Amino acid sequence: MAKIIAIDGPSGVGKTTTSRAVARELGIPHIDTGAMYRALALAATREGIDTRDEAKLEDLASRTRIDFIPGERARVLLNGEDVTSMIRSPEMSMAASNVSAVPAVRRVLVRLQQDLGRRSGGVLEGRDIGTKVFPETPYKFFLTARPEVRARRRHAELLAKGEGASYETILVGTIARDEQDSTRADSPLSFDDSYTVIDTSDLTIEEVVERIVSLSS
Ligand code: DC
């Protein structure tokens, strides 16, 4: 099977930057699975569907086409429309967390992630990659960081994009979303002994990337 690197962890631990760099070093695609949940959350919001309404979300997931196109500038398509930048707002973060708790949504998106990974291998980042999507891969990493560090990173990211939520608002939102992702019934954010856990609070991205690459070859 093509090489699969699973990178799981809560928001703001540096998963995206790290996964992208690891993928580049190993010459395999970077697959951002959170973007797929975000795209479905956007579809729900546009149709006025409550992001906690299981029955409507099941129907929505069955008739919505989501494509993820890996690459230096990866793209997410919702029914053919490029929604890559639209899905990055704090509102979409919470909406994605809500839709991701629905088992029917997870079934559809996990299948898409498995198809993509099997085809070309990849560095897959998410919450359940090593527990549910590719439990058989030997390369599993769980990134953590102290909540204040994660909120500070998210805050800096949003400021860089010219979006001005306060640090306190982001800290509260980060903690609430991670709590929801960790306590849902279906595929909660978690790890087991098969993972290498890396606390990124006091490490540079380069150090984290180096550690993952050296353990993945
Ligand atoms: O990684 P992210 O912040 O873009 O993910 C958005 C939400 O999607 C996250 O709060 C939980 C959900 N998610 C998930 O349940 N499983 C994944 N593999 C990836 C994301």
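The values are calculated or read from the model by the stated rules, or taken from the named source; none is laboratory data. None of these values were measured; they are calculated from a predicted model. Neighbour counts are summed over all protein chains in view; Cβ atoms, including those assigned to glycine, are modelled from backbone coordinates with ideal geometry. Note: accessible area is taken over every heavy atom of the protein model, side chains too, but ligands, DNA and RNA are not part of it. Shrake-Rupley method; radii C 1.70, N 1.55, O 1.52, S 1.80 Å.
Contact map, the stretch 188-217: first residue within 18 Å of residue 21 (Cα to Cα), second residue among the β-branched types (Val, Ile, Thr) and assigned to a loop (DSSP other than H, G, I, E, B), Cβ cut-off under 8 Å, separation 6 or more or different chains; pairs are 200/13; 208/200. Residues of the stretch 125-134 include none that is in contact with a Phe, Trp or Tyr (Cβ under 9 Å, 6 or more places away or on another chain), among the acidic types (Asp, Glu), in contact (Cβ under 8 Å) with a residue 60 or more places away in the chain and not in a loop (DSSP other than H, G, I, E, B).
Does residue 174 satisfy being surrounded by 13 or more Cβ atoms within 10 Å (Cβ to Cβ), of a type in the set (Ser, Thr, Tyr) and either under 18 Å from the mean Cα position of the chain (by Cα) or within 12 Å of the ligand (Cβ to nearest atom) (or both)? For residue 174, the condition - surrounded by 13 or more Cβ atoms within 10 Å (Cβ to Cβ), of a type in the set (Ser, Thr, Tyr) and either under 18 Å from the mean Cα position of the chain (by Cα) or within 12 Å of the ligand (Cβ to nearest atom) (or both) - is met.
Is there a residue in the stretch 139-157 that is within 13 Å of residue 6 (Cβ to Cβ) and either open to solvent by 40 Å² or more (accessible area, probe 1.4 Å) or of a type in the set (Gly, Ala, Ser) (or both)?
To start, the set of residues in the stretch 139-157 that are within 13 Å of residue 6 (Cβ to Cβ) comprises 139-143.
Subsequent filtering for residues that are either open to solvent by 40 Å² or more (accessible area, probe 1.4 Å) or of a type in the set (Gly, Ala, Ser) (or both) retains 139.
Yes, the conditions are met somewhere in the stretch 139-157.
Consider the stretch 12-33 and keep the residues that are surrounded by fewer than 19 Cβ atoms within 10 Å (Cβ to Cβ) and touching a helix residue (DSSP H, G or I) at 6+ places or on another chain (Cβ under 7 Å). The one that is nearest to residue 200 (Cα to Cα) is 17. Any residue in the stretch 1-11 that is at pLDDT 95 or above, in a loop (DSSP other than H, G, I, E, B), within 11 Å of the ligand (Cβ to nearest atom) and open to solvent by less than 10 Å² (accessible area, probe 1.4 Å)? The answer is yes; a qualifying residue exists.
Scanning the stretch 46-97 for residues that are part of a strand (DSSP E or B) and within 14 Å of the ligand (Cβ to nearest atom) yields a total of 3.
Exactly one residue out of 21, 43 is without any contact (Cβ under 8 Å) to a residue 40 or more places away in the chain and outside any strand (DSSP E or B): that is 43. Looking at this structure, is residue 173 part of a helix (DSSP H, G or I) and at pLDDT below 95? Yes: the conditions hold for residue 173. With respect to the conditions (1) charged (D, E, K, R); (2) surrounded by fewer than 20 Cβ atoms within 10 Å (Cβ to Cβ); (3) within 10 Å of the ligand (Cβ to nearest atom), residue 115 falls short on a single one, namely (3).
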